[in-house]
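Written out below as structure tokens is the structure these notes cover.
The values are calculated or read from the model by the stated rules, or taken from the named source; none is laboratory data. Predicted model only: the values in this text are computed from it and were never measured. Cβ atoms come from the backbone with ideal geometry, glycine included; neighbour counts cover every protein chain shown.
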Amino acid sequence: METLKDRVLTRLNKLDMTQTEVAKILSIDRQRFSNWLSRGSIPANSIFNVASILKCDPEWLQFGTDKNPDNRIESEAETYSANKVLLWDHHSDLPDGEFLMIKKLDVKAAAGDGFQNDWPTLKNELAFRVDWIKKSKAMSFNLLAITINGDSMHPTLMDGDTAIIDLSQNEIKNGQVYAFVNNETSDVQVKRLSYYRKNIISIHSDNDHDPRYMHDIHLADEEMDNIKIIGRIVHRSGSSGL
């Protein structure tokens, strides 16, 4: 019977990587990563990062489901690349027909405990290449930009990053990153959402190095009535990693 370790080794072999390299990217020691494989389970707060590194589906990696292992939840190279967004002083600076403008609101979304915003106002506009928008299969009028505040989604989203939200994608799909607002407090947050069990939503922070974020939050359907999904994060840009 195929084990978690078998699946990890399969991906490592395909990508010509070692356990040491994966552990280094995760900022943990190799022995800790090896222990995960030996016990046959990767912690819930690390599985998405490991799957991203191994470029595979996290559900397949953890449980050995029949899903195609090459189906990634997000492509770091395509979804979170910083070189597709440009900021211009005036529309007249842009080459004709090559760019569309996306509104950036004066809103901070917490990758942390929550950030309360006043009534949002237009801060500026970002120029995106038309071919990128077509490739993402998004409609420009459904896209909004906000600022990330906090480090709970590190390394996926960094403090100060600009995140692009697709407002049309407000139905939860397992393992995707969403912006949502707490209707009672008006706090805006960005987290990874999944169905933990039937009728129970798991709110996950990608930062597995800070004890504050190491445990997922589980909400039953009735508790989700206080949460409004704004949309899915489809792009980020910022200085992280520089």
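If you go through the stretch 28-50 and pick out every residue that is over 14 Å from His209 (Cα atoms), loosely packed, with under 14 Cβ neighbours inside 10 Å and among the charged types (D, E, K, R), you end up with 1. Just one of the listed residues (Leu100, Leu144, Leu105) is surrounded by 14 or more Cβ atoms within 10 Å (Cβ to Cβ), in contact with a helix residue (DSSP H, G or I) (Cβ under 7 Å, 6 or more places away or on another chain) and either in the same structural domain as Arg232 (by TED's automatic domain parsing) or modelled with pLDDT of 80 or more (or both), namely Leu100.
Only one entry in Lys228, Lys198 is of a type in the set (Lys, Arg), in the same structural domain as Leu143 (by TED's automatic domain parsing), closer than 19 Å to Leu143 by Cβ and over 14 Å from the mean Cα position of the chain (by Cα), namely Lys228. Is it the case, given these coordinates, that Ile25 is buried (at least 17 other Cβ atoms within 10 Å of the Cβ), under 18 Å from His154 (Cα atoms) and outside the structural domain of Gly175 (by TED's automatic domain parsing)? Criteria not met by Ile25. I'd like the residue in the stretch 162-214 that is of a type in the set (Phe, Trp, Tyr) and free of Cβ contacts under 8 Å to residues at least 60 places away in the same chain and, out of all such residues, is surrounded by the most Cβ atoms within 10 Å (Cβ to Cβ). Top of the filtered list is Tyr178.
Would you point out the residue of the stretch 201-227, among those that are in a strand (DSSP E or B) and among the hydrophobic types (A, V, I, L, M, F, W, C), that is nearest to Glu184 (Cα to Cα)? Step by step, filter the stretch 201-227, then rank; the result is Ile227. Answer yes or no: is there a residue in the stretch 113-129 that is at pLDDT 65 or above, under 21 Å from the mean Cα position of the chain (by Cα) and at positive phi. For the stretch 113-129, residues at pLDDT 65 or above, under 21 Å from the mean Cα position of the chain (by Cα) and at positive phi: absent.
For the stretch 9-17, the criterion of a residue being under 18 Å from the mean Cα position of the chain (by Cα) and loosely packed, with under 15 Cβ neighbours inside 10 Å is satisfied by no position.
Suppose the filter is assigned to a strand (DSSP E or B), closer than 17 Å to Gln176 by Cβ, β-branched (Val, Ile, Thr) and in contact with a helix residue (DSSP H, G or I) (Cβ under 9 Å, 6 or more places away or on another chain); does Ile230 pass it? When the stated conditions are applied, Ile230 does not pass them. Check whether at least one residue in the stretch 215-226 is among the small types (Gly, Ala, Ser) and crowded, with 20+ Cβ neighbours inside 10 Å, and report yes or no. No; the residues of the stretch 215-226 include none that is among the small types (Gly, Ala, Ser) and crowded, with 20+ Cβ neighbours inside 10 Å.
Of all residues in the stretch 17-25, none are among the basic types (Lys, Arg), over 23 Å from Tyr213 (Cα atoms) and free of Cβ contacts under 8 Å to residues at least 40 places away in the same chain.
Considering the conditions (1) at pLDDT 80 or above; (2) in a helix (DSSP H, G or I), Asn49 is excluded by exactly one of them, (1). Has the stretch 215-231 got at least one residue that is within 13 Å of Ser152 (Cβ to Cβ), in contact (Cβ under 8 Å) with a residue 40 or more places away in the chain and among the basic types (Lys, Arg)? No: the stretch 215-231 contains no residue that is within 13 Å of Ser152 (Cβ to Cβ), in contact (Cβ under 8 Å) with a residue 40 or more places away in the chain and among the basic types (Lys, Arg).
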